[in-house]
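Trainee: Just passing along the structure, written as structure tokens.
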């Protein structure tokens, strides 16, 4: 009898353990990303991350990410970078909308989080790392692009004109981290009721996958909101602390990055143990600096802002060129961009076959939006628009 009771107790205990799968051992990821002693590894082997993507592939329901990931695998490209909130989206948002299209940013969209989880799982199956930018400072910007093509702040969910919650009247208040939410100061509630909740839900959705990089924010220093550098840095610290805490109860990746686009954020990246790596964005025709190539922590060098990010940057007489390139042409623009991409890759990886796990590359291809971009407000990337010329150049530097 005692043996039977003992056996029954064992199986009951095993059952309780299995019921706790989501936080203990849910997903056995194919792609196990880690950063050990300042070296990026995949499945225990030193790795070079090479990314090709569009920032809206999560938010656009029409984007066939499964086909896209299969294409990337064929070229040995092993990373994509996406924005969690893509304010140009034509279809999906992490926030619910009412009948008039206004956001309820205190209510999460379950369908969106399900797509995030499915996308990360599909990437994992193809051996691809997903860098998820939790927040984006582009959506806080105003200026000529708003007037000309209805971009950024005029479309942002955080603009008080676009949501039912009363946030935000002052753009710099996005960086608030106060937990004291008061009815007479609505702006003080954004952290506890919106931004902290986003972090928690993202980790709940994909925290058991090991192919994820959690990036705090896209281009935080260039948002022109009037927020001080210290406020932006404090926002990053609080996000990092919350991510670190929430990820501890999950079995997936613990890799946190930040976009170090200021000296303050670079110092934070290099001196914060919880930050595994950091990213920098290039501009115009500029390549990486020697200090970036010799960084003590792993670095992802992105062409975001560089002239290679769109084919139209090579076409003379196009008034919509957002970053002019030297040597613009009237024909064979695709070939010209591919050649510029190869030259940039040679700068990023002077020794193409030296895989030290320190320097990595992200290629943002705005041409995935199609030939109509940006002459219209069409920000709808398609997997079919993947540039094979660029992918072939990337493949020359992958392993």
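Trainee: Filtering the range 175-189 down to residues that are assigned to a helix (DSSP H, G or I) and in contact with a helix residue (DSSP H, G or I) (Cβ under 6 Å, 6 or more places away or on another chain), which residue is surrounded by the most Cβ atoms within 10 Å (Cβ to Cβ)?
Mentor: 175
Trainee: Which of the residues belonging to the range 237-262 are within 22 Å of residue 141 (Cα to Cα) and in contact with a helix residue (DSSP H, G or I) (Cβ under 6 Å, 6 or more places away or on another chain)?
Mentor: 258, 260, 261, 262
Trainee: Okay, moving on. Can you name every residue in the range 232-288 that is part of a loop (DSSP other than H, G, I, E, B) and out of contact with any strand residue (DSSP E or B) (no Cβ under 9 Å at 6 or more places or on another chain)?
Mentor: Scanning the range 232-288 gives 248, 249, 250, 251, 262, 273.
Trainee: Sticking with this structure for a sec: Within the range 59-68, can one find any residue that is modelled with pLDDT of 95 or more, buried (at least 17 other Cβ atoms within 10 Å of the Cβ) and touching a strand residue (DSSP E or B) at 6+ places or on another chain (Cβ under 6 Å)?
Mentor: Checked the range 59-68: no residue is modelled with pLDDT of 95 or more, buried (at least 17 other Cβ atoms within 10 Å of the Cβ) and touching a strand residue (DSSP E or B) at 6+ places or on another chain (Cβ under 6 Å).
Trainee: Take residue 92 and tell me if it is at pLDDT 95 or above and touching a helix residue (DSSP H, G or I) at 6+ places or on another chain (Cβ under 9 Å).
Mentor: no
Trainee: Determine whether the range 295-317 contains at least one residue that is at pLDDT 95 or above, buried (at least 21 other Cβ atoms within 10 Å of the Cβ) and farther than 27 Å from residue 85 by Cα.
Mentor: yes
Trainee: Given (1) part of a loop (DSSP other than H, G, I, E, B); (2) surrounded by fewer than 15 Cβ atoms within 10 Å (Cβ to Cβ); (3) at pLDDT 90 or above, where does residue 343 come up short, assuming only one miss?
Mentor: Checking residue 343 against (1) part of a loop (DSSP other than H, G, I, E, B); (2) surrounded by fewer than 15 Cβ atoms within 10 Å (Cβ to Cβ); (3) at pLDDT 90 or above, the one that fails is (1).
Trainee: Of the numbered conditions (1) in contact with a strand residue (DSSP E or B) (Cβ under 7 Å, 6 or more places away or on another chain); (2) modelled with pLDDT under 95, residue 360 satisfies every one except a single condition; which is it?
Mentor: (2)
The values are calculated or read from the model by the stated rules, or taken from the named source; none is laboratory data. None of these values were measured; they are calculated from a predicted model. All Cβ positions, glycine included, derive from the backbone under ideal geometry; neighbour counts span all protein chains shown.
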